Amino acid sequence: MNSTTQIISHFFLLSLAFGTLLFSPVVNTRLTGVGFFRLGTSIVLASLIMALGVDFYMKPTLGTFQVYCYVFLIVSNIFTYILHKDQKNWLMWTIYVLQVITFSSLAFSLFEFHQNWTMLFFSSSLLLGISNFSMLLGHYYLVVPKLSEEPLIYCLHIFWTIMFFKIISSLTVIFSSGMSYLHEGTNLGDGYIYNWLFISMRYIWGYLAPLVLSFFTFRLCKIRSIQSATGVLYIVEFFVIVGELISVYLMAKHGLAL
């Protein structure tokens, strides 16, 4: 039986890797230089390797197909880290498409096509990915100070879009099957008090705080205060990570995909 800690660690590492990989083409490498791409690829590689390590201790063990997926993703990311240039050529685009397909196939396989787990994985990957990508991009303005603020603003628009759909999905779950966890005196989940604690933390820390801070980031970008915006983005990512970890905990323990 897998422990909740194993499930949360594995889920988080995989979703961080997939999300960071997925958004890598958002900013043209001609604008940032290949160093920014390699920074993101390093995070993808580290997360994949750690997720594979956690996977070896989980039950059931990895199947042949899943091992092949991991091997392809790790090897292909090493390949692109070494060979990617400032201009993304057709070979790099082909590998990127294959990586996205392989990662998606791995996720479906690992979660056995379970609807709630699969939907939670992809939505968490999108939110973690754009949060991490935005933070890295903001940090990279120190390396390329002449870079326009438009790519960072574009990332914020993507962030808000993902947030909107994720909140709608979460509220649908809470009103359709989660209200019983919040009734006074309930014995469901972790009990009345702890249910309120975890669910309220999920919404306040995981949704409200990042949204409010992202609007501060937007205003700072508009006045070209990129270093200040990056500082706020670090806090945004912290709250997103905490919120997604709580969400995975609620799903692993109680089947609530919030």
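The values are calculated or read from the model by the stated rules, or taken from the named source; none is laboratory data. For clarity, every value in this text was computed on a predicted model and none was experimentally measured. Glycine gets a Cβ as well: all are built from the backbone with ideal geometry, and neighbour counts include every protein chain shown.
Criterion first (over 26 Å from Phe215 (Cβ atoms) and either in a helix (DSSP H, G or I) or at pLDDT 90 or above (or both)) does Ser109 satisfy it? It is true that Ser109 is over 26 Å from Phe215 (Cβ atoms) and either in a helix (DSSP H, G or I) or at pLDDT 90 or above (or both). Scanning segment 47-61 for residues that are of a type in the set (A, V, I, L, M) and touching a residue at least 24 places away in the same chain (Cβ under 8 Å), we see that the one that is nearest to Ile130 (Cα to Cα) is Leu48.
Listed here are the residues, each with its yes/no results for (1) part of a helix (DSSP H, G or I); (2) more than 18 Å from Val236 (Cα to Cα); (3) not polar (S, T, N, Q).
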residue: Met119; (1), (2), (3): yes, yes, yes
residue: Ser123; (1), (2), (3): yes, no, no
residue: Phe133; (1), (2), (3): yes, no, yes
residue: Leu137; (1), (2), (3): yes, no, yes
residue: His157; (1), (2), (3): yes, no, yes
residue: Met163; (1), (2), (3): yes, no, yes
residue: Leu171; (1), (2), (3): yes, yes, yes
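Within segment 246-258, residues that are outside any helix (DSSP H, G or I) sit with their Cβ atoms under 8 Å from residues that are of a type in the set (S, T, N, Q), at 6+ positions apart or across chains, in these pairs: Gly255/Asn116; Leu256/Ser177; Ala257/Asn116; Ala257/Ser169; Ala257/Ser170; Ala257/Ser247; Leu258/Ser170; Leu258/Ser247.
I need the full set of residues from segment 194-223 which are over 15 Å from Ile235 (Cβ atoms) and among the polar types (S, T, N, Q), in order please. Hits for segment 194-223 are Asn195, Ser200. Evaluated against (1) in a helix (DSSP H, G or I); (2) touching a residue at least 24 places away in the same chain (Cβ under 8 Å), Phe215 falls short on exactly one condition, (2).
Being among the charged types (D, E, K, R), touching a helix residue (DSSP H, G or I) at 6+ places or on another chain (Cβ under 6 Å) and over 21 Å from Thr41 (Cβ atoms), is that true of even one residue in segment 140-153? Yes, segment 140-153 contains at least one residue that is among the charged types (D, E, K, R), touching a helix residue (DSSP H, G or I) at 6+ places or on another chain (Cβ under 6 Å) and over 21 Å from Thr41 (Cβ atoms).
Report whether or not Tyr207 is buried (at least 16 other Cβ atoms within 10 Å of the Cβ), in contact (Cβ under 8 Å) with a residue 60 or more places away in the chain and part of a helix (DSSP H, G or I).
Details: buried (at least 16 other Cβ atoms within 10 Å of the Cβ): yes; in contact (Cβ under 8 Å) with a residue 60 or more places away in the chain: no; part of a helix (DSSP H, G or I): yes.
No: the conditions fail for Tyr207.
For Ile8, the stated conditions hold: it is within 18 Å of Leu120 (Cβ to Cβ) and in a helix (DSSP H, G or I). The set of residues in segment 161-194 being crowded, with 16+ Cβ neighbours inside 10 Å and at pLDDT 85 or above consists of Ile162, Met163, Lys166, Ile167, Ser170, Val173, Ile174. Only one entry in Thr41, Thr20 is surrounded by 15 or more Cβ atoms within 10 Å (Cβ to Cβ), of a type in the set (Ser, Thr, Tyr), within 29 Å of Asn89 (Cβ to Cβ) and touching a Gly at 6+ places or on another chain (Cβ under 8 Å), namely Thr20. Among the residues making up segment 23-38, those that are outside any helix (DSSP H, G or I) and either of a type outside the set (Val, Ile, Thr) or surrounded by fewer than 18 Cβ atoms within 10 Å (Cβ to Cβ) (or both) are Phe23, Asn28, Gly33. Scanning segment 247-255 turns up at least one residue that is of a type in the set (A, V, I, L, M), surrounded by fewer than 20 Cβ atoms within 10 Å (Cβ to Cβ) and within 30 Å of Ser3 (Cβ to Cβ). Does Leu91 satisfy the criteria of being assigned to a helix (DSSP H, G or I) and within 20 Å of Val242 (Cβ to Cβ)? When the stated conditions are applied, Leu91 does not pass them. Scan segment 62-78 residue by residue and report those that are within 24 Å of the chain's Cα centre (by Cα), loosely packed, with under 15 Cβ neighbours inside 10 Å and of a type outside the set (A, V, I, L, M). Selection gives Phe65, Tyr68.
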